[in-house]
Amino acid sequence: MLQAFLNLSRASKRLISVLSDTIFLSFAFWAAFALRLEEKAWMPSQDQLLVGGLTIGVSVVIFVRLGLYRAIIRYLSDKAFVTISIGVGSSALTLIALAYLLQVFVPRSVPIIYAALAFIFVSGTRMGVRMLVARPQRRNKEPVAIVGAGETGVQLAEALRQGTEYQPVVFISYHKANHRTLIHGLPVYGIDHIEKAIRKHGVKRLLLALDADTRLDRKQLLRELEPLAVPVQTVPSMAELVSGRARINDIRDLELEDLLGREPVSPDSALVASSLFEKSVMVTGAGGSIGSELCRQILRQKPARLILFEQTEYALYAIERELRSINAVEDLGVELHATLGSVIHRRRCEAIMRAFGVHTVYHAAAYKHVPLVEHNIIEGVQNNTFGTWHVAEAAIETGVERFVLVSTDKAVRPTNVMGASKRLAELVLQGLAERQSDTRFTMVRFGNVLGSSGSVVPLFRDQIRDGGPVTVTHQDIIRYFMTIPEASQLVLQAGSMGQGGEVFVLDMGEPVKIVDLARKMIHLMGLSEKTEDNPDGDIEVRFTGLRPGEKLYEELLIGDDPQGTSHPRIMMAREASMPWAEVESLLKKLSLASQNFDCARIAELIREAPTGYAPNGEVADLVWCHSALPEAQPDGGVRRLGA
């Protein structure tokens, strides 16, 4: 029966609504007189019938004009009650006016009683239909608890009620005053009673919906949610909602930046803006994780033009399309130029910088995946070291004012070629800063970035969804973590502060033990760890051993005497450097070794330079190792790094 009604055409449903209102308004008219006159068998006179009929007819016309019959009942909102109130009030006034004009006996209290009954009947029928329609959907929806009873939480509850996947059943509030209250008909529990709420209401999922201005220790909150054995997810940030990149009900897995428990970085906007506003800015590696975020943040500083330089065609296409959308929506008026090319091609870089009159270069292009670079040594050195040199020389030649290198903590006492190649890149820029003064060279060094290509976070998430095991290289391995927007903001800040040749180091907060991170992700996805003590657990954590070139811990400083800056989260390292003549000689030797495909010589040269390079294993370059077969060696052995 209900399904047959729902399958009717829109016109048929509107006709049924009109007939329903006509019947119930007629009954309200009769009941108002019967109650007032206390006559159960009251019958209206001919004049009263005329007034009643005209009142009901005018009321239906008013309802039509108010759009009451255009509203879809299953999606009826609170605004509908206001519309019904206006319509019913107008109907009562119509009754009074007609009674006066036609001189028909209508007691003064009848219009009031009529209005009250009409509101009950008109709104009640619609609410009843909405409840009947929603009931089957609710049975099939997953019950969820919303952590956060503020504006964001209420908006999420309303959005989920209209959806088909989740049914909000309870609010969890961190304000004790809200405990044992009702918000939008849902009970509110304090955070101290969350276990009771989960059991009582059969909650299958927790959704974090914290207001942006909430002062809350998120790390402590997640520590309290972790043992509950239900999945914890979150909603998009306010910035994503405002920009239109996401909707309030776009539920997604918890972002690991919440686990860091740090306050977001507050950059000196005036200083950053002064170095970017109405300037011509170029970003190399614009399609990468760091490069793309730099582009987003630079775009909002309204440079005159933004040049995207990227060697991967699809990555360049994707970031250009996104930036053009932001540029149009926010009416920023920035010229965008997408250019294909590689940083190892100096003339290409020089041509682009000269054509667009570049003032500032952010050099984010790099190979940064440790095992891959370890397996492709020459390409890693060519891209990370020589690529930086070529772009820097092009910047000097074309009169670029600022050049900012995005470096890494793996450049500190590196055990891998990736880190060593980035330390060499730093030495190149330090040497160039001494050689000339027209272009200011700045290096910014930081650790692992959550969500970047090669990050452990998406890897762990995929492994957990696939049923495990979660692979960790070593039980004691630790890393520093920072979010992509956070790192990008500090890169822009440090780049604006640089006077020439400085190595800036970002405060990464407290280091994170990787195995603890993996276990926290397992628990917050509502699963348990499979161990000897818990053989029935869901996900096993398996240790696979350190990979080639991998360290147990990373450092941000080579020296032990960092210097503070005007920003509390940025330090300036005091690192060893080389005169340009020595750097140039080293580059020539590295170039010759690369041309001869001599990985051993490359390792030797890197180790002799002030890089702190200390390899912890054999040569891992795939091609070089297969070329160094035992029968090809006089001693029948396989060459090792530095041999």
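Please give the contour-minus-distance gain from Arg108 to Val64: 0.36 nm per residue of separation, less the Cα-Cα distance, rounded to one decimal in nm.
Here the answer is 13.1 nm.
Can you give me the long-range amide H partners of Glu142? Hydrogens built in the peptide plane at 1.01 Å from N, cutoff under 5 Å, separation of 5 or more residues or another chain.
Tyr166, Gln167
Go through the stretch 360-373 residue by residue and turn each phi into a ³J(HN,Hα) via Karplus (6.51, -1.76, 1.60, θ = phi - 60°); whole Hz please, and just put x for glycine and proline.
Values, residue by residue: 9, 10, 10, 9, 9, 5, 5, 8, 10, 7, 3, x, 5, 5 Hz.
I want to check the label-to-label distance for Ile23 and Ala614. Put each point 7 Å from Cα in the C-beta direction and report it in nm to one decimal.
Between Ile23 and Ala614, the label points sit 8.8 nm apart.
Starting from the Cα of Gln297, step 7 Å along the direction of its Cβ; do the same at Glu582; then give the gap between the two resulting points in nm.
3.4 nm
Convert each backbone phi in the stretch 223-235 into a coupling constant with the Karplus relation 6.51 cos²θ - 1.76 cosθ + 1.60 (shift: θ = phi - 60°), then list the ³J(HN,Hα) values in order as whole Hz, x for Gly and Pro.
Those phi angles translate into 5, 6, 7, 4, x, 7, 6, 10, x, 10, 10, 9, 10 Hz.
Under 11 Å from a point placed 7 Å out from the Cα of Trp42 along the Cα-to-Cβ direction: which residues of the stretch 87-125 have their backbone N that close?
Residues 106-114 fall inside that zone.
What's the FRET efficiency of Leu93 with His184 using the Cβ-Cβ distance as r and R₀ = 41 Å, to the nearest 0.05?
On the way: r = 32 Å, r/R0 = 0.78.
FRET efficiency, Leu93 to His184: 0.80.
Exposure proxy check: Met443, Met578, Met497 ranked by fewest other beta carbons within 10 Å?
Listed from fewest to most nearby Cβ atoms, that is Met578, Met497, Met443.
Check Met525: other-chain or 5+ apart residues with amide H under 5 Å from its amide H, H built from backbone geometry?
Close amide H contacts, sequence-distant or interchain: Val232.
Based on the Kirkwood radius over alpha-carbon pairs, what value in µm²/s does the Stokes-Einstein equation return for the translational diffusion coefficient of the stretch 271-363 at 25 °C and 0.890 mPa s? Show your work: numbers first, answer last.
Numbers: Rh = 12.9 Å.
Answer, rounded: 190 µm²/s.
Per-residue HN-Hα couplings for the stretch 516-525, Karplus 6.51 cos²θ - 1.76 cosθ + 1.60 at θ = phi - 60°, whole Hz, x for Gly and Pro?
Per-residue couplings from phi come out as 5, 4, 4, 5, 5, 5, 4, 5, 6, 9 Hz.
At 7 Å along the Cα-to-beta-carbon direction for both Val82 and Thr471, put a label point, then send me their distance in nm to one decimal.
5.8 nm
Residues with amide H under 5 Å of Phe543's amide H, sequence separation 5 or more or different chain, H placed in the peptide plane at 1.01 Å from N; which?
Val472
What three numbers, in Å, describe the spread of the alpha carbons of the stretch 379-426 along their principal axes, ordered from the longest?
36, 20, 10
Any read-out appearing in this document is the output of simple, stated calculations on the displayed coordinates, not a laboratory observation. Since we're looking at a predicted model, the values are computed, not measured. A quick note on method: Cβ atoms are made from the backbone with ideal geometry, for glycine too, and the neighbour counts reach across all protein chains shown.
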